[in-house]
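**Q** The structure's right below; bear with me while I get my questions together.
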Ligand code: NAP
């Protein structure tokens, strides 16, 4: 059985390793967005497929027997394309999505918003925000161009940052002590994050609580309808085993 893992996450890398360990035929796919990405083990392809039609053609050409959408919870375009392409090509699809931070002990103290507009409204009176929402949506925060924004990203954005902004390039995982230092050094009075979930970038939330820094969380986009979702690698393995049983 050939499995395509749509990746770009730690979970996708762990899944590729688990599939290889049971000698499954696996190919991991990365968007090619970041320079020097952490690669999963095993075969990797890089770059977009060319929309739904391109993915349908890829699934047929390989051919692929099953797809695991293990992309980041905010990679909504890719997840939607995978749902449409698999439905069209009759290829089984499961979504692997780590749980969000909704059950975090501090979640009730955070301000939850749907998008950047929600952040701008919720943080209207903040003076020294710290943005950890990624490079792709950074330009949406330009209404805050006059404020001393600290923006942490993996790779620098393509546009010139306002003079008042400071860019911090780094890649998780992070620890609480370092996160506390970053927020304190900046004198942050707001931390902005996506509901990425998982442990890699969770430490900033504890650091914010310790320093009394308010947190604004952008909620996850809705997942594509009708796609089975699991939250860990063992559940994907069970899903694939069930599928293998059905096929034989
Ligand atoms: P997106 O907006 O949902 O996808 C935009 C386009 O990028 C897709 O239509 C597809 O191009 C291509 N693409 C995305 N993921 C791909 C993959 N795994 N393999 C091949 N092509 C892919 O995606 P995004 O939010 O830019 O995320 C890009 C990648 O970064 C994903 O792999 C995701 O897991 C990872 N990532 C995203 C975030 C985030 O916050 N969004 C955070 C961490 C990691 P075509 O239409 O041409 O096929």
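The values are calculated or read from the model by the stated rules, or taken from the named source; none is laboratory data. These figures come from a predicted structure and were not determined experimentally. In this analysis, Cβ positions are derived from the backbone assuming ideal geometry, glycine residues included, and neighbour counts consider all displayed protein chains.
**Q** Might you check whether a residue that is within 9 Å of the ligand (Cβ to nearest atom) and over 19 Å from residue 194 (Cβ atoms) occurs anywhere in region 6-22? Before you say what the answer is, go through the steps one by one.
**A** Residues of region 6-22 that are within 9 Å of the ligand (Cβ to nearest atom), as a first pass: 6-9, 12.
Now drop any that are not over 19 Å from residue 194 (Cβ atoms), which leaves none.
No: zero hits.
**Q** Considering only region 196-235, state which residues are at positive phi and touching a residue at least 12 places away in the same chain (Cβ under 8 Å). If you could, list the steps in order and put the result at the bottom.
**A** In the first step, residues of region 196-235 are kept if they are at positive phi; the result is 197-198, 212, 226.
Result: 197, 198, 226.
**Q** Name the residue, out of 41, 99, that is out of contact with any strand residue (DSSP E or B) (no Cβ under 8 Å at 6 or more places or on another chain), away from the ligand (no atom under 11 Å from the Cβ) and closer than 20 Å to residue 224 by Cβ. Before you say what the answer is, go through the steps one by one.
**A** Numbers: 41 fails: closer than 20 Å to residue 224 by Cβ.
Just one listed residue meets the conditions, 99.
**Q** Give region 195-226 a look and list any residue that's crowded, with 18+ Cβ neighbours inside 10 Å, within 30 Å of residue 90 (Cβ to Cβ) and touching a helix residue (DSSP H, G or I) at 6+ places or on another chain (Cβ under 8 Å), or say none.
**A** Residue satisfying the conditions is 224 alone.
**Q** Could you list, in sequence order, the residues of region 141-161 that are surrounded by fewer than 15 Cβ atoms within 10 Å (Cβ to Cβ) and either more than 16 Å from the ligand (Cβ to nearest atom) or not in a loop (DSSP other than H, G, I, E, B) (or both)?
**A** Passing the criteria: 142, 143, 145, 146, 159, 160.
**Q** When you look at residue 117, is it assigned to a helix (DSSP H, G or I) and either within 13 Å of the ligand (Cβ to nearest atom) or over 19 Å from the mean Cα position of the chain (by Cα) (or both), yes or no? Spell out the reasoning first.
**A** Working: assigned to a helix (DSSP H, G or I): yes; either within 13 Å of the ligand (Cβ to nearest atom) or over 19 Å from the mean Cα position of the chain (by Cα) (or both): yes.
Spelling it out, residue 117 is indeed assigned to a helix (DSSP H, G or I) and either within 13 Å of the ligand (Cβ to nearest atom) or over 19 Å from the mean Cα position of the chain (by Cα) (or both).
**Q** Of all residues in region 48-72, which are in a loop (DSSP other than H, G, I, E, B), crowded, with 19+ Cβ neighbours inside 10 Å and more than 6 Å from the ligand (Cβ to nearest atom)? Let's see the steps before the verdict.
**A** Initial filter on region 48-72 (in a loop (DSSP other than H, G, I, E, B)): 48-50, 62-65, 70-72.
With the extra rule that they be crowded, with 19+ Cβ neighbours inside 10 Å, the set shrinks to 49, 64, 70-72.
Once the filter is applied, which keeps residues that are in a loop (DSSP other than H, G, I, E, B), crowded, with 19+ Cβ neighbours inside 10 Å and more than 6 Å from the ligand (Cβ to nearest atom), region 48-72 yields 64, 70.
**Q** Pairs only if they're at least six apart or on different chains, beta carbon under 6 angstrom, first in region 1-30 and touching a residue at least 24 places away in the same chain (Cβ under 8 Å) and at positive phi, second within 12 Å of the ligand (Cβ to nearest atom) and part of a strand (DSSP E or B); list them, first residue then second.
**A** Final answer for the pair search is 8/30.
**Q** Let me ask something else. Filter region 25-38 down to the residues that are more than 16 Å from residue 93 (Cβ to Cβ) and more than 9 Å from the ligand (Cβ to nearest atom), then identify the one that is modelled with the highest pLDDT.
**A** Of the residues in region 25-38, the ones more than 16 Å from residue 93 (Cβ to Cβ) are 25, 30-38.
Applying the additional criterion that residues be more than 9 Å from the ligand (Cβ to nearest atom) yields 25, 35-36, 38.
Details: 25: 97, 35: 86, 36: 87, 38: 91.
Only one residue fits best here, namely 25.
**Q** Continuing with this model, one more query. In region 105-137, which residues are in contact with a helix residue (DSSP H, G or I) (Cβ under 9 Å, 6 or more places away or on another chain), crowded, with 19+ Cβ neighbours inside 10 Å and under 14 Å from residue 194 (Cβ atoms)?
**A** 110, 119, 130, 131, 132, 133
**Q** OK, next. Taking interchain pairs and intrachain pairs at least six residues apart, which have beta carbon atoms under 8 angstrom, with the first residue in region 153-169 and in contact (Cβ under 8 Å) with a residue 24 or more places away in the chain and the second in a strand (DSSP E or B) and surrounded by fewer than 15 Cβ atoms within 10 Å (Cβ to Cβ)?
**A** 154/169; 155/169
**Q** Which pairs do you get when a residue that is more than 6 Å from the ligand (Cβ to nearest atom), found in region 73-88, comes within reach of a residue that is at pLDDT 95 or above and part of a helix (DSSP H, G or I), reach meaning Cβ atoms under 6 angstrom, with the pair 6+ apart or on two chains?
**A** Matching pairs, first to second residue: 84/52; 85/52; 85/55; 85/56; 88/56.
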